[in-house]
Amino acid sequence: MSAAIPIDELRAQFIELADQDFAGYCPIYDRLARALSGDTDALACITEHRPGSTRTAVLLLGATHDLVLQDPGSGLAAIYRGDSDADPWPEFRALLLGRAADIATTMRTRTTQTNEVGRSANLLAVYASVSRALTRHGDDRPLSIIEIGPSAGLNLLADRFHVEYVRGDSIVSSAGRSTSPVHLRCELLSDTHFPGVTGMHEIVGRGGVDPAPVDITDPADARWLRACVWPGVPDRPERLAAAIDLARQDPPRLLRGDAVADLGEILRSVPDDVFPIVTSTWVLAYLPREDRTQVCALIDEIGASRDLAFVTGEAASVTPWIPPIDAERLPPGAEEGTPTVFGVRLWLGGQSRTWAPAVCHPHGRWMAWLEDEPPTEEPHG
Ligand SMILES: C[S@@+](CC[C@H](N)C(=O)[O-])C[C@H]1O[C@@H](n2cnc3c(N)ncnc32)[C@H](O)[C@@H]1O
């Protein structure tokens, strides 16, 4: 049985989430996280069921949301949908105390699997940056995207979405067909020239590896994806639903497996006339530090003998191989939410280069474009 998380640790997780991620973005969870952090009885009723200790606070909110989605007539469901502006705390607390065992069971059997399609706006821009680097080296191969931790694999369909990159009211650049059912809007924060997705090579392969791939054709799995979305944030539920519908027409190929154990074999199976891009967004934080190090070591080992790129969209702390970004390069607004640093490690002809093209909102709401040109080749022994 998993160890019980101490109440004080859970309290601290909620305070950090409220301050760092919910304030000014998700008022419902901001209210609930602050109320929870001050309610020892509510916290204790969960911890006594020993739900495990990794990112418990986020999982608790998701597990409760899963129950809310199963009772659409409840007052809490109306608040979560935006049909009522009543205080969510009294009903939330009653649900938590009444269904603590069920919530803890969900927390033991599920992990946070938020499949945030807003990140596709950032990914497309970064894939284009990789493509332009390839073109500069005379390489016009099409791309095969291999996603570590794809959840349901919705971001593997990035090039089938319509994206508008905007500054204020002006559309600076766009990607994809405007007839796509999935529309994304990404605010450009920096004044740096944004090259858009120009020059992007065609994506001809897409697949992923996840210990718990989400099956969008299974109603409970699809509901869990919805439960992982923070309620009351405009557009998120709609674009998730549209992406699920799109993916159901042609589900991406997802393997049940592990980034460290299975990535090597998957990469080696990619034909030489296709350029593989391994992608991870908000996955490495869920891996132990030694596994994160091993994933990068594996990329470097394989990259030394076959061309590839590793695109990461993660918190800076879990990708130490990406050069740090000076705070003064970040425009105002970039501090909202835990920033996602997009990094590229590109291996071409046995030489690697690493750069950070962008810093983004964790759900792709905004992007500060930093640079396109990779630095000079890094020596590797
Ligand atoms: C927060 S979700 C992010 C999903 C998706 N990458 C996105 O950005 O929308 C984290 C995902 O990482 C997966 N994951 C956790 N440990 C993993 C591992 N060792 N190897 C591969 N995937 C893993 C989880 O199952 C989950 O689907």
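From the list Ala175, Ala212, Ala158, pick out the single residue that is under 30 Å from Pro288 (Cβ atoms), in the same structural domain as Gly364 (by TED's automatic domain parsing) and either among the aromatic types (Phe, Trp, Tyr) or buried (at least 17 other Cβ atoms within 10 Å of the Cβ) (or both).
Ala158
Pull out all pairs, ordered by first then second residue, where Cβ-Cβ is under 7 Å, the residues are six or more apart or on different chains, the first lies in segment 343-357 and is part of a strand (DSSP E or B), and the second is crowded, with 17+ Cβ neighbours inside 10 Å and among the acidic types (Asp, Glu).
Filtered contacts from segment 343-357: Trp347/Asp307; Leu348/Asp307; Pro357/Asp372.
State all residues of segment 187-203 that are among the β-branched types (Val, Ile, Thr) and either crowded, with 17+ Cβ neighbours inside 10 Å or within 18 Å of Ala247 (Cβ to Cβ) (or both); if no residue qualifies, say none.
Val197, Ile203, listed by residue number.
Please enumerate the residues belonging to segment 92-113 that are outside any helix (DSSP H, G or I) and among the hydroxyl-bearing types (Ser, Thr, Tyr).
Hits for segment 92-113 are Thr111, Thr112.
Ser151: in a loop (DSSP other than H, G, I, E, B), buried (at least 16 other Cβ atoms within 10 Å of the Cβ), within 12 Å of the ligand (Cβ to nearest atom) and assigned by TED's automatic domain parsing to the domain that holds Thr281, yes or no?
yes
For segment 217-242, how many residues meet the condition of being within 13 Å of the ligand (Cβ to nearest atom), over 15 Å from Ile28 (Cβ atoms) and not basic (Lys, Arg)?
4
Arg11 passes all but one of (1) modelled with pLDDT of 95 or more; (2) of a type outside the set (A, V, I, L, M, F, W, C); (3) touching a Ser or Thr at 6+ places or on another chain (Cβ under 8 Å); which number fails?
(1)
For Arg253, work out the one condition from (1) at pLDDT below 95; (2) under 19 Å from His363 (Cα atoms); (3) over 16 Å from the mean Cα position of the chain (by Cα) it doesn't fulfil.
Here Arg253 meets the rest and fails (2).
Residues in segment 340-350: is at least one assigned by TED's automatic domain parsing to the domain that holds His363, over 24 Å from Phe275 (Cα atoms) and buried (at least 20 other Cβ atoms within 10 Å of the Cβ)?
yes
Looking only at residues in segment 285-317 that are among the charged types (D, E, K, R), part of a helix (DSSP H, G or I) and free of Cβ contacts under 8 Å to residues at least 40 places away in the same chain, which one is farthest from the ligand (Cβ to nearest atom)?
Of everything passing the filter in segment 285-317, Glu301 is farthest from the ligand (Cβ to nearest atom).
Please find, among Val117, Val163, Val182, Val130, the residue that is more than 30 Å from Asp307 (Cβ to Cβ) and modelled with pLDDT of 95 or more.
Answer to the selection: Val182.
I want to confirm something. Restricting to segment 81-91 and keeping residues that are out of contact with any Ser or Thr (no Cβ under 9 Å at 6 or more places or on another chain) and not in a loop (DSSP other than H, G, I, E, B), which single residue is surrounded by the most Cβ atoms within 10 Å (Cβ to Cβ)?
My answer is Trp89.
It is to be established whether one or more residues within segment 37-53 are touching a residue at least 12 places away in the same chain (Cβ under 8 Å), of a type in the set (Lys, Arg) and not in a helix (DSSP H, G or I).
Yes, segment 37-53 contains at least one residue that is touching a residue at least 12 places away in the same chain (Cβ under 8 Å), of a type in the set (Lys, Arg) and not in a helix (DSSP H, G or I).
Go over the candidates Glu147, Glu91 one by one and state the one that is under 19 Å from the mean Cα position of the chain (by Cα) and modelled with pLDDT of 95 or more.
Glu147
Taking the conditions exactly as written (over 24 Å from Gly118 (Cα atoms), modelled with pLDDT under 95 and not in a strand (DSSP E or B)), does Thr338 satisfy them or not?
No; evaluated as a whole, the condition is false for this residue.
Quick one: which of Pro320, Pro324, Pro332 is in the same structural domain as Val197 (by TED's automatic domain parsing) and under 23 Å from Ala259 (Cα atoms)?
Criteria check complete, one pass: Pro320.
Exactly one condition in (1) surrounded by fewer than 19 Cβ atoms within 10 Å (Cβ to Cβ); (2) in contact with a Ser or Thr (Cβ under 9 Å, 6 or more places away or on another chain) is not met by Phe310; state its number.
Evaluating Phe310 over (1) surrounded by fewer than 19 Cβ atoms within 10 Å (Cβ to Cβ); (2) in contact with a Ser or Thr (Cβ under 9 Å, 6 or more places away or on another chain) leaves (1) as the failure.
With the requirement that a residue be assigned to a strand (DSSP E or B) and either not aromatic (Phe, Trp, Tyr) or not assigned by TED's automatic domain parsing to the domain that holds Gly333 (or both), what does segment 161-172 give you?
If the condition is that a residue be assigned to a strand (DSSP E or B) and either not aromatic (Phe, Trp, Tyr) or not assigned by TED's automatic domain parsing to the domain that holds Gly333 (or both), then His162, Val163, Glu164, Val166, Arg167, Ser170, Ile171, Val172 are the ones that fit.
So which of Ala227, Ala242, Ala259, Ala222 is under 21 Å from Cys186 (Cβ atoms) and within 19 Å of the chain's Cα centre (by Cα)?
Result: Ala242 is the single residue among Ala227, Ala242, Ala259, Ala222 that is under 21 Å from Cys186 (Cβ atoms) and within 19 Å of the chain's Cα centre (by Cα).
The values are calculated or read from the model by the stated rules, or taken from the named source; none is laboratory data. Being a predicted model, the structure only gives us computed values, none of them experimental. No Cβ is skipped: glycine too gets one built from the backbone with ideal geometry, and neighbour counts run over all protein chains shown.
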